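S.K.: Right, I'll just put the structure down here and ask away after.
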Amino acid sequence: MRNNYGFSIIELLVVLVVVGVLAAMAVFAAANLWKYDTDNQARKIIDLCDEARQKALNQRTTYRVEINKTRNRLLLINENSADTSNDDLIVKSEPLVGGVTVAVKPDNVTDGPTMTSPVPQAQFRSSAYPLTSGDQKITMRFRRNGQVVDEGTDGIGTNSIVSGATIYLFASREGQSSPTDIRAVTVLGTTGDTSLFSCKFDSYNRCLVWKK
């Protein structure tokens, strides 16, 4: 006669416990994936700015980085000429990461990261450039001398001034007023150097110290 073997109660309980633990871990990981979105978006901005700076220095022409809220895109644009906007060329286009608020300083942030020179908070403004005319965007123009200037007053950057940018990012799922997962990307106007900072909070959920 053949013996039929089954699982004991203890073995079944062990399996159920293991499955329960794995399921709990999976749910926890899925629920916290959004916390990595802020870092991911910040690093994409830094990578694009670093690429624009390198191309501007090597090719001796101005490259423009746009954080375009209207199109929900990051754009790298070769301006080609300082005299006309007709030959501007989009070199790279990447989607903005969903669920991340960009550029707005949260209410629980008092001061921005301390840098060697003033770095103003970036602002979305209506575009005067033909490729993105009327879009709401942050504009950083990387010149061949290493400086970063603003958008100027027209489609070819007339009256541009040296101006870096501090770009704040946080997960929108945390709400607009006092998020706890905040990053700041700084771009120095004098050199084009970029840095990534995170916030250290006190017991009242206030951002007190920035650290790289």
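The values are calculated or read from the model by the stated rules, or taken from the named source; none is laboratory data. Since the model is a prediction, treat every value here as computed from it, not as a measurement. Reconstructed Cβ throughout: ideal geometry from the backbone, glycine too, with neighbour counts over all protein chains shown.
S.K.: Can you report the number of residues in segment 190-212 which are under 19 Å from the mean Cα position of the chain (by Cα), surrounded by 14 or more Cβ atoms within 10 Å (Cβ to Cβ) and in a strand (DSSP E or B)?
M.R.: Summing the residues that are under 19 Å from the mean Cα position of the chain (by Cα), surrounded by 14 or more Cβ atoms within 10 Å (Cβ to Cβ) and in a strand (DSSP E or B) in segment 190-212 gives 8.
S.K.: Hey, Pro179 hits all of (1) surrounded by fewer than 17 Cβ atoms within 10 Å (Cβ to Cβ); (2) farther than 17 Å from Ile45 by Cβ; (3) touching a residue at least 60 places away in the same chain (Cβ under 8 Å); (4) of a type outside the set (A, V, I, L, M, F, W, C) but one; which does it fall short on?
M.R.: Of everything listed in (1) surrounded by fewer than 17 Cβ atoms within 10 Å (Cβ to Cβ); (2) farther than 17 Å from Ile45 by Cβ; (3) touching a residue at least 60 places away in the same chain (Cβ under 8 Å); (4) of a type outside the set (A, V, I, L, M, F, W, C), Pro179 misses just condition (1).
S.K.: Suppose the filter is surrounded by fewer than 18 Cβ atoms within 10 Å (Cβ to Cβ) and closer than 14 Å to Thr62 by Cα; does Gly134 pass it?
M.R.: Details: surrounded by fewer than 18 Cβ atoms within 10 Å (Cβ to Cβ): yes; closer than 14 Å to Thr62 by Cα: no.
Considered against the rule, which asks whether it is surrounded by fewer than 18 Cβ atoms within 10 Å (Cβ to Cβ) and closer than 14 Å to Thr62 by Cα, Gly134 comes out as no.
S.K.: What's the total number of residues in segment 135-187 that are polar (S, T, N, Q) and assigned to a loop (DSSP other than H, G, I, E, B)?
M.R.: Going through segment 135-187 one residue at a time, the tally reaches 11.
S.K.: Going by the structure shown, is Arg2 modelled with pLDDT under 85, at negative phi, of a type in the set (Lys, Arg) and in a loop (DSSP other than H, G, I, E, B)?
M.R.: The answer is yes for Arg2.
S.K.: Still on this structure: Of the residues Pro130, Pro179, which is over 14 Å from the mean Cα position of the chain (by Cα) and over 27 Å from Asn86 (Cβ atoms)?
M.R.: None of the other options fit; the residue is Pro179.
S.K.: For segment 77-97, name all the residues that are at pLDDT 90 or above, assigned to a loop (DSSP other than H, G, I, E, B) and not aliphatic (A, V, I, L, M). Show your work before the answer.
M.R.: As a first pass, look at segment 77-97 and keep what is at pLDDT 90 or above: 77-80, 88-97.
After this cut, where a residue has to be assigned to a loop (DSSP other than H, G, I, E, B) as well, the list is 79-80, 88, 96-97.
Across segment 77-97, the qualifying residues are Glu79, Asn80, Asp88.
S.K.: When segment 56-78 is examined, which residues are found to be without any contact (Cβ under 8 Å) to a residue 40 or more places away in the chain and more than 16 Å from the chain's Cα centre (by Cα)?
M.R.: Asn58, Asn78 - these are the residues of segment 56-78 that are without any contact (Cβ under 8 Å) to a residue 40 or more places away in the chain and more than 16 Å from the chain's Cα centre (by Cα).
Results for (1) over 26 Å from Ser85 (Cα atoms); (2) surrounded by 17 or more Cβ atoms within 10 Å (Cβ to Cβ); (3) modelled with pLDDT under 95, shown as yes or no for each residue.
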site: Ala30; (1), (2), (3): yes, no, yes
site: Trp34; (1), (2), (3): yes, yes, yes
site: Gln41; (1), (2), (3): yes, yes, no
site: Ile45; (1), (2), (3): no, yes, no
site: Lys55; (1), (2), (3): no, yes, no
site: Val65; (1), (2), (3): no, yes, no
site: Thr70; (1), (2), (3): no, no, no
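S.K.: Are any residues in segment 39-67 farther than 23 Å from Tyr168 by Cα, assigned to a helix (DSSP H, G or I) and charged (D, E, K, R), and if so, which ones? Talk me through it step by step, then tell me what you get.
M.R.: Of the residues in segment 39-67, the ones farther than 23 Å from Tyr168 by Cα are 54-62.
Adding the requirement that they be assigned to a helix (DSSP H, G or I) leaves 54-59.
Answer for segment 39-67, where residues must be farther than 23 Å from Tyr168 by Cα, assigned to a helix (DSSP H, G or I) and charged (D, E, K, R): just Lys55.
S.K.: Still on this structure, please answer the following. Identify the residue in segment 83-110 that is hydroxyl-bearing (Ser, Thr, Tyr) and exposed (fewer than 13 other Cβ atoms within 10 Å of the Cβ) and, among all such residues, is farthest from Thr166 (Cα to Cα).
M.R.: Result: Thr84.
S.K.: Next question. Within segment 99-108, does at least one residue satisfy the condition of being within 16 Å of Gly192 (Cα to Cα), in a strand (DSSP E or B), touching a strand residue (DSSP E or B) at 6+ places or on another chain (Cβ under 7 Å) and not hydroxyl-bearing (Ser, Thr, Tyr)? Write out each step before concluding.
M.R.: Applying the first criterion (within 16 Å of Gly192 (Cα to Cα)) to segment 99-108 yields none.
For segment 99-108, residues within 16 Å of Gly192 (Cα to Cα), in a strand (DSSP E or B), touching a strand residue (DSSP E or B) at 6+ places or on another chain (Cβ under 7 Å) and not hydroxyl-bearing (Ser, Thr, Tyr): absent.
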